[in-house]
Amino acid sequence: MSAPVDALDPVRAELLRAARASADAVLERARDDADATLRGARATADAVLARARELGAADGAAGAARERVRAAQDAWAAELAARAEVYAVLRDAVRAGVRRALADDAATSSAVAAAARDALGPRARVTAAAEGGVTADAPGRRVDLSADALADRALDRLGVRAATLWEPS
């Protein structure tokens, strides 16, 4: 025996087919949307990664530049400290030499005192300096011809020629 034919079977079959077609179309659009979203996310991730690499490289270059500047400043500071040390040793040696010259030679000491009187006049009060040489005072004026002052002025007169002390020989 056969089952009775329902008049709605063709309608149900068509509705089921249409629903399946609609579901397949929705599923296909969802897959396409998911693929597009995934492609967009990958492109965004690639762009973010490329930008991060650029920023990292720029940051690294800036850090390296700062380090080079710091190293150059440190080297310059070390060179200046060495120059100051050499100059201090030279100044001490010149001062000691002038002290010895003034102590060993009475004529030189007399000449220094005479130079002080010539600078300030015959009424100048000339006083022997402890380390050698003299200082002289007159109203409103003073002359320092002590051994250290004479040595320092001699070194000051070197001016830029003192830079030859730092140059290789």
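The values are calculated or read from the model by the stated rules, or taken from the named source; none is laboratory data. The structure presented is a predicted model; accordingly, all values stated were derived computationally and were not measured. Here the Cβ positions follow ideal geometry from the backbone for every residue, glycine too, while neighbour counts run over all protein chains shown. Quick note on the areas: whole protein, heavy atoms, side chains included, nothing else; ligands and nucleic acids left out. Shrake-Rupley method; radii C 1.70, N 1.55, O 1.52, S 1.80 Å.
I'd like the orientation of helix 9-104 relative to the chain: the angle between its Cα long axis and the longest Cα principal axis, in ° from 0 to 90, rounded to 10. Tilt relative to the chain: about 10 degrees.
Near Ala111, within a Cβ-to-Cβ distance under 12 Å, what is the net charge of the other residues, with Lys and Arg +1 and Asp and Glu -1?
Cβ neighbours under 12 Å give a net charge of -1.
In the set [x] 69; [y] 27; [z] 49, the label that goes with percent of Cα pairs over 26 Å apart computed for this structure is [x]. Solvent-accessible area assigned to carbon and sulfur over the chain amounts to 60 percent, based on a 1.4 Å probe. Once you list every other residue whose beta carbon is under 14 Å from the beta carbon of Arg125, what net charge do they have if Lys and Arg are +1 and Asp and Glu are -1? Spelling it out: positives minus negatives among the neighbours equals +2.
Please give me the summed charge of the neighbours of Gly60: other residues whose Cβ is under 15 Å from its Cβ, Lys and Arg +1, Asp and Glu -1.
Details: positive: Arg51, Arg53, Arg66, Arg68; negative: Glu54, Asp59, Glu67.
So the surrounding residues net to +1.
For Leu145, nonlocal amide neighbours, meaning residues 5 or more places apart or on other chains whose placed amide H falls under 5 Å from its own, are Val134, Thr135, Ala136. Each label was represented as a point 7 Å from its Cα along the Cα-to-Cβ direction; for Ala114 and Ala45 these points are 9.8 nm apart.
Grab the Cα-Cα distance for Glu67 and Leu158, subtract it from 0.36 nm times how many residues apart they are, and report the gain in nm with one decimal.
Working: separation 91, 0.36 × 91 = 32.76 nm, distance 3.60 nm.
Gain on stretching Glu67 to Leu158: 29.2 nm.
Rolling a 1.4 Å probe across all protein chains gives Ser22 an accessible area of roughly 60 Å². Sequence-distant contacts, meaning Cα pairs under 8 Å at least 6 residues apart, place the relative contact order of region 67-169 at 21 percent.
Please give the helix 106-120 orientation as an angle from the longest Cα principal axis of the chain, in degrees from 0 to 90, rounded to the nearest 10. Long axis of 106-120 versus the principal axis of the chain: about 80 degrees. A 1.4 Å probe run over the protein chains yields, for the chain, 74 Å² of accessible area per residue, whole-number rounding.
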